[in-house]
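Chemist: So that we are looking at the same thing, I have put the structure below in structure tokens.
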Amino acid sequence: MQYLVGVDIGGTHIRTCIALLNNLTKESMIKIKKETSKSDEFAISKQIISMINSLLIQNQLQISDIVSINIATAGPLDTKKGIIFNNANLGFKIIPIKEPINQAFPGIACNMINDANGAVLGLHYFEALDNEKDNLVYITMSTGIGAGVIANGHLVLGKDGNAAEVGHGTISNSESECSCGTTGCWESFSAGSGLSKQVEAAGLNWSNEELYEYARNGDLIASGIVDKATHYSTIGIGLINNFYDPKAIYIGGAITKNSDLFLPIIQENFEKHTIKFTINRVPSIKLTQLGDEIGLLGALALGKYILDKNKILL
């Protein structure tokens, strides 16, 4: 039997899994998760190699049972060189991924994709409705903000595979500093990193989870931060709708654990004040049900679609 390896590299955790190629379901995954190591630029690749070897040993598999290793990772990426570069949250300017993994597992294809682009493939394969699949957007809202886009049945990648880096779109002339080094990015208002900076600027020592809990209980400072994040997320989603005209926008990531405080407001903004935020017809805007596993599922979908020569990647 043949297996796909899926890897999801995030700023906080690395998830790695194996799954049967010919029975690719969410339930068929065997997975492990560890905190992302940032001790040096090779720490992440070493960690992935160790996790894959652990999965092989635990499941009495051989390296020859692996068809491909498929990695969805926070970007930006150079998919040809197989590196992550200029990432604001992983600790190093250049992080080699593909070369160390090729050395550890010679002869096995290693595919890389931006995590949000991978996630939209996961949505396409595992969750999206049939009438949504040709024009589909996934937005991840976690430590950072990113998006993956399928337009007219094709994954939008760009010249280096970094299309739809929406979190670093400037949506305000505010001096709100982003972790990328510039100001006014959507991420600086609505992502976990941006929320933490706003809490700190207010002289408070709250986690983001505490921020949302205080907002839920009516604290004025917390509510102000969350309301601002919601406003700028509505602007960001409206711009995505203007640019790509999707049938559906799915939202996921750690921030959505508190979606009761912002998603209904975003949906109401588009329903009642459409022209203020988008020129195009409003798509369906909803949460993904794939949860924290969407990155892994996207990596697996990438491997499957490459082997199948699926037109979505052409």
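Chemist: Can you spot a residue in region 187-197 that is of a type in the set (A, V, I, L, M, F, W, C) and open to solvent by 70 Å² or more (accessible area, probe 1.4 Å)?
Modeler: no
Per-residue answers, yes or no, for (1) in a loop (DSSP other than H, G, I, E, B); (2) under 24 Å from residue 8 (Cβ atoms); (3) at pLDDT below 95; (4) open to solvent by 10 Å² or more (accessible area, probe 1.4 Å):
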{"site": "120", "(1), (2), (3), (4)": "no, yes, no, no"}
{"site": "131", "(1), (2), (3), (4)": "no, no, no, yes"}
{"site": "140", "(1), (2), (3), (4)": "no, yes, yes, yes"}
{"site": "158", "(1), (2), (3), (4)": "yes, yes, yes, yes"}
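Chemist: Among the candidates 224, 253, 236, 218, single out the residue that is modelled with pLDDT under 95 and either closer than 16 Å to residue 141 by Cα or not polar (S, T, N, Q) (or both).
Modeler: Only one candidate passes the filter, namely 253.
Chemist: Which residue out of 296, 290 is within 26 Å of residue 4 (Cβ to Cβ) and touching a Lys or Arg at 6+ places or on another chain (Cβ under 6 Å)?
Modeler: Answer to the check: 296.
Chemist: Now, a different point. All but one of (1) open to solvent by less than 20 Å² (accessible area, probe 1.4 Å); (2) over 29 Å from residue 306 (Cβ atoms); (3) at pLDDT 95 or above; (4) hydrophobic (A, V, I, L, M, F, W, C) hold for residue 178, so report the exception by its number.
Modeler: (3)
Chemist: How about region 266-302: which of its residues are of a type in the set (Asp, Glu) and over 22 Å from residue 131 (Cα atoms)?
Modeler: Those that are of a type in the set (Asp, Glu) and over 22 Å from residue 131 (Cα atoms): 268, 292, 293.
Chemist: Residues to consider are 265, 279; find the one that is in a helix (DSSP H, G or I), open to solvent by 20 Å² or more (accessible area, probe 1.4 Å) and without any contact (Cβ under 8 Å) to a residue 40 or more places away in the chain.
Modeler: Only one candidate passes the filter, namely 265.
Chemist: Another question, then. Determine which single condition residue 34 fails, assuming it passes every other condition in (1) farther than 25 Å from residue 191 by Cα; (2) out of contact with any Gly (no Cβ under 8 Å at 6 or more places or on another chain).
Modeler: Unmet condition: (1).
Chemist: To continue, here is another question. Based on this model, can you work out whether residue 116 counts as small (Gly, Ala, Ser) and open to solvent by less than 40 Å² (accessible area, probe 1.4 Å)?
Modeler: Here the answer is yes, as residue 116 does meet what is asked.
Chemist: Consider only pairs whose beta carbons are under 7 Å apart and that are at least six residues apart or on different chains; among these, list those whose first residue lies in region 293-314 and is under 9 Å from residue 118 (Cα atoms) and whose second residue is among the hydroxyl-bearing types (Ser, Thr, Tyr) and surrounded by 17 or more Cβ atoms within 10 Å (Cβ to Cβ).
Modeler: So the pair list comes out as 294/288; 301/125.
Chemist: Another question, if that's okay. What tally of residues in region 160-174 results from selecting those that are surrounded by fewer than 16 Cβ atoms within 10 Å (Cβ to Cβ) and modelled with pLDDT of 90 or more?
Modeler: Within region 160-174, residues that are surrounded by fewer than 16 Cβ atoms within 10 Å (Cβ to Cβ) and modelled with pLDDT of 90 or more number 1.
Chemist: Ok, one more. Would you mind listing the strands (runs of 3 or more DSSP E) fully within region 1-63 where at least 2 residues are open to solvent by 40 Å² or more (accessible area, probe 1.4 Å) and not small (Gly, Ala, Ser)?
Modeler: Ranges flagged: 13-20, 30-35.
Chemist: Are any residues in region 26-56 under 18 Å from residue 298 (Cβ atoms) and out of contact with any strand residue (DSSP E or B) (no Cβ under 8 Å at 6 or more places or on another chain), and if so, which ones?
Modeler: Those that are under 18 Å from residue 298 (Cβ atoms) and out of contact with any strand residue (DSSP E or B) (no Cβ under 8 Å at 6 or more places or on another chain): 26, 27.
Chemist: Oh, and also: Would you point out the residue of region 244-262, among those that are touching a helix residue (DSSP H, G or I) at 6+ places or on another chain (Cβ under 7 Å) and open to solvent by 20 Å² or more (accessible area, probe 1.4 Å), that is nearest to residue 163 (Cα to Cα)?
Modeler: 247
Chemist: Can you find, within region 77-99, the residue that is modelled with the highest pLDDT among those that are of a type outside the set (Val, Ile, Thr) and closer than 20 Å to residue 294 by Cβ?
Modeler: 77
Chemist: Same structure again: Does residue 83 qualify as being open to solvent by 40 Å² or more (accessible area, probe 1.4 Å) and of a type in the set (A, V, I, L, M)?
Modeler: no
The values are calculated or read from the model by the stated rules, or taken from the named source; none is laboratory data. Computed from a predicted model, the values in this text were never measured in an experiment. Cβ: placed from backbone, ideal geometry, glycine included. Neighbour counts: every protein chain shown. These area figures cover heavy atoms from the full protein model, side chains too; ligands, DNA and RNA do not enter into them. Shrake-Rupley method; radii C 1.70, N 1.55, O 1.52, S 1.80 Å.
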